[in-house]
Amino acid sequence: MRYNHSVSLSVQAFTALAYRLAQDGQADLFLSGSGRSDETRCVIGFIPRSELIITDRTTRQDIKDYCFGTQEPTLGFISYTYGLKLRGVKTTKTTDFPLGHLKQYGAVLEHDLSTGRGEIHGPDENAARKLAALATAQLDMPPLFASSPAKQVQQSLTQEAYESGVRKTLEAIRDGHTYQLNLSLKFSRTAKDMDMPGLAMDFWQRHPAPFYAFFNSGTHTILSTSPERFLRVTDGEVLSQPIKGTLHFKQYTPELEHKVTSSAKESAELSMIVDLVRNDISQNCEYGSVRVEGHKSTFIVDNLVQMYSNVHGRLREDSTVIDLLLDAFPGGSITGCPKRRSMELIETLEPHTRDVYCGSFVIIRGKRDMDSSIAIRTCWHDSRTDTFSFHAGSGIVVDSAPRKEYRETMAKAHKFLALGKS
Amino acid sequence: MNAILIDNHDSFTHNLEHLLAAHLGHGPEVVCYDDLPHLSPVGRELIIISPGPGRPAEYPGYGLWIDSGIPVLGICLGLQIINEHFGGRTDRLQHCVHGKTEDINFLGQTQTVARYHSLYCSNLGTGLEVIAANTNGVPMALAHRNRPIMGYQFHPESFLTKQGGVFIDHALQSFGIA
């Protein structure tokens, strides 16, 4: 029997509840923020009752059987590394990071920040009652995040090496192997007893973005602060919202948005990825249904003006959200175009593995309902090694300047780099 | 119509599939370039060679298809593959263009088309003629003088190309299969 319970929570009360659940270790949080006014829904899974850890041997049917075998929502992630396998790109790098991890829960809280209304439901009455009790309890607000003392941050590529990678990418572009390629850096440092729940809630309040995820995966505690939607499917209606074109600012003025949208370079970056996303969703969409709306829309996140478009389609009757997700994965905005050749080049240019970075966090509700993000602006702590890791990257096109791309990459990493320096 | 679209591992192939479906009345069969040795042009009524990364030399095996007598349409790399088959040459474009539009004169009309190319047909193959070029003289559309073979350097399937269907219709009419 399913248990249903309505709750009413102020933003403060919800924040306190989310913090308490993040500390609990038995909850995974998918939180929206005020980064975009139309993204206000938060989903929290409480007390996992089953999981699917994706390995080299996991098939598409295994994932479908897991996600569609129940009416309960599935929360989790698939990693960029799994994308290499899906796209047939060989890699010699090894990693002990999971290729993906999906979970179903005893109870789920679905909360809308704009109305303050929430719904708790799930198959486990005890879990649902416990969650309902917590939702109505007086809980402590998260304290200010106390970061560990500043530690030496290791970069997978020095500035010189990153800029050399950009120059090699420019040669590959001139030879016709790629039009655009996303080149990333990995940062890591030791961080004993890193307070990941505190960091998650501190970031969520100070750096709001629409697609936050806080997820426990074995010894990894992952925090994604992504502003980018990958694919949403609502009753078969597909929406992808690729982001390209970035302008960093210290003081916001409306002219900044015009500066991004009128830039030929930034516009071309976005247009290429829009064509790529159109292609990737077309594999599972009805003929004639794929269209672009609101090309070169903008929003603000983390002192960056970012440009995006809405790519729509209608999921074919004989396809499911898993087919759509896996055929379009990984998202074109973090590979480059054409996708497979760009991914092959990335394997030669980046010495690190991307793991969950540039993968996707997903909420799967059924064969024709799903939401997912592109896992950028993402960090994690590994309790086995006491390591805190994050990545940042930039899209390289033919008129990119190596120094400028490095600066953009560091601007995207800033909020993680700044930890421990305040 | 029995149409086949050969995918050179490109990321725009399915855009082309959808555009073709709108003009053929149904979708073409889409096959991967890797499967070409196991496939035959016999029985096909239209062959489309997709865009893709790299140079034509990386894609051997198209000779049988281009010489089949069946109408062939090549897009971007597909055009360059056709051109090299007839002895033409491909070189780096001095100022390569990706994700940008340009107005070209196509059969007496101005058309806004999307360009994505680092390379171009620097020398024409035997029997091919330029039917559209940009203002710098870069070939944008080629056709064979006496065989049903045509190609576009730009991308009719891009959302940036205002009237992509015009180019598909023109090819079908030229091939006599509209």
- Query: How do the helices (runs of 4 or more DSSP H) wholly within the stretch B:1-88 filter down when requiring 2 or more residues that are farther than 26 Å from A:Thr178 by Cα and within 13 Å of chain A (Cβ to nearest Cβ): which remain?
  - Reply: B:13-24
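Residues are listed down the side, and each one gets a yes or a no for (1) in contact (Cβ under 8 Å) with a residue 40 or more places away in the chain; (2) out of contact with any Pro (no Cβ under 6 Å at 6 or more places or on another chain):
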{"position": "A:Asp140", "(1), (2)": "yes, yes"}
{"position": "A:Pro143", "(1), (2)": "yes, yes"}
{"position": "A:Ser156", "(1), (2)": "yes, no"}
{"position": "A:Asp175", "(1), (2)": "no, yes"}
{"position": "A:Tyr179", "(1), (2)": "yes, yes"}
{"position": "A:Asp195", "(1), (2)": "yes, yes"}
{"position": "A:Asn216", "(1), (2)": "yes, yes"}
- Checked A:Ile53, A:Ile63 against criteria (in contact (Cβ under 8 Å) with a residue 24 or more places away in the chain and open to solvent by 40 Å² or more (accessible area, probe 1.4 Å)); the one match is A:Ile53
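For the stretch A:363-422, please list each of the strands (runs of 3 or more DSSP E) lying entirely inside it that holds at least 1 residues being more than 19 Å from A:Glu269 (Cβ to Cβ) and aliphatic (A, V, I, L, M). Step through it out loud before you land on a result.
Numbers: elements: A:369-373, A:378-382, A:387-396.
Per the criteria, A:369-373.
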- Message: Condition first: β-branched (Val, Ile, Thr) and open to solvent by 40 Å² or more (accessible area, probe 1.4 Å). Can you find one or more residues in the stretch B:135-149 that meet it?
- Response: yes
- Item | Subset of the stretch B:58-84 [among the hydrophobic types (A, V, I, L, M, F, W, C) and open to solvent by less than 50 Å² (accessible area, probe 1.4 Å)] | B:Trp65, B:Ile66, B:Ile70, B:Val72, B:Leu73, B:Ile75, B:Cys76, B:Leu77, B:Leu79, B:Ile81, B:Ile82
- Condition test on A:Lys296, is it more than 11 Å from chain B (Cβ to nearest Cβ), among the charged types (D, E, K, R) and part of a helix (DSSP H, G or I)? no
- Do we find a residue being open to solvent by less than 50 Å² (accessible area, probe 1.4 Å), farther than 18 Å from A:Asp275 by Cα, touching a strand residue (DSSP E or B) at 6+ places or on another chain (Cβ under 9 Å) and among the hydroxyl-bearing types (Ser, Thr, Tyr) anywhere in the stretch B:47-57? no
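Just one of B:Gly87, B:Gly108 is without any contact (Cβ under 8 Å) to a residue 12 or more places away in the chain, open to solvent by 40 Å² or more (accessible area, probe 1.4 Å) and small (Gly, Ala, Ser); which is it? Break it down into steps so the answer makes sense when it comes.
Numbers: B:Gly87 fails: without any contact (Cβ under 8 Å) to a residue 12 or more places away in the chain.
When all the criteria are applied, what remains is B:Gly108.
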- Message: Tell me yes or no: at least one residue of the stretch A:174-194 is within 14 Å of chain B (Cβ to nearest Cβ), hydroxyl-bearing (Ser, Thr, Tyr) and either open to solvent by less than 40 Å² (accessible area, probe 1.4 Å) or closer than 13 Å to A:Leu349 by Cβ (or both).
- Response: yes
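The values are calculated or read from the model by the stated rules, or taken from the named source; none is laboratory data. For clarity, every value in this text was computed on a predicted model and none was experimentally measured. Reconstructed Cβ throughout: ideal geometry from the backbone, glycine too, with neighbour counts over all protein chains shown. Keep in mind that these areas ignore ligands, DNA and RNA; they rest on the heavy atoms of the full protein, side chains included. Shrake-Rupley method; radii C 1.70, N 1.55, O 1.52, S 1.80 Å.
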